[in-house]
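In what follows, a structure is listed as structure tokens, so that the remarks can point back to it.
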Amino acid sequence: DLRVMDPNGELIEVGRVARSGLTKDRDCPGRGSECQGNNLENVYLAEGEPLKGEYRLRLRLESLGGESPPIRVTLGTRLGSESHSFAVELETPESEREIKLRL
């Protein structure tokens, strides 16, 4: 599960545009079939300039889904003109990893 908080401390949620202009396209694995087995979530800014400040990204492992730990996740970000890639390993259900990015 991906949770993103903007510099205002606002959680970016599906179906709602935050005051910063960010929105989340879907929440995987989700309740319906919207993710179709592909746990890919996007948080994006449709227009304008991103807020300056600290962005907090939290990755949380909901379940092992029948897989053996560690579960490897790749997180790609683009904030302003900077791109980053993170390889994250999560060991147990409900384990979390937080990444902070500053613009």
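The values are calculated or read from the model by the stated rules, or taken from the named source; none is laboratory data. Not measured: the values here are computed from a predicted model. Here the Cβ positions follow ideal geometry from the backbone for every residue, glycine too, while neighbour counts run over all protein chains shown. The protein model used for the area step is the full one, side chains on, heavy atoms only, and it has no ligands, DNA or RNA in it. Shrake-Rupley method; radii C 1.70, N 1.55, O 1.52, S 1.80 Å.
Across segment 47-103, what is the number of residues that are hydrophobic (A, V, I, L, M, F, W, C), open to solvent by 40 Å² or more (accessible area, probe 1.4 Å), assigned to a loop (DSSP other than H, G, I, E, B) and under 24 Å from residue 22 (Cα atoms)?
Qualifying residue count, segment 47-103: 2.
Any residue at all in segment 25-35 that's in contact with a Lys or Arg (Cβ under 6 Å, 6 or more places away or on another chain) and either of a type in the set (Phe, Trp, Tyr) or in a loop (DSSP other than H, G, I, E, B) (or both)?
yes
Filter segment 69-103 for residues that are more than 11 Å from residue 57 (Cβ to Cβ) and among the charged types (D, E, K, R) and give the result.
If the condition is that a residue be more than 11 Å from residue 57 (Cβ to Cβ) and among the charged types (D, E, K, R), then 72, 78, 82, 89, 91, 94, 102 are the ones that fit.
Please enumerate the residues belonging to segment 1-26 that are more than 18 Å from residue 74 (Cβ to Cβ) and of a type in the set (Asp, Glu).
Within segment 1-26, 6, 10, 13 qualify.
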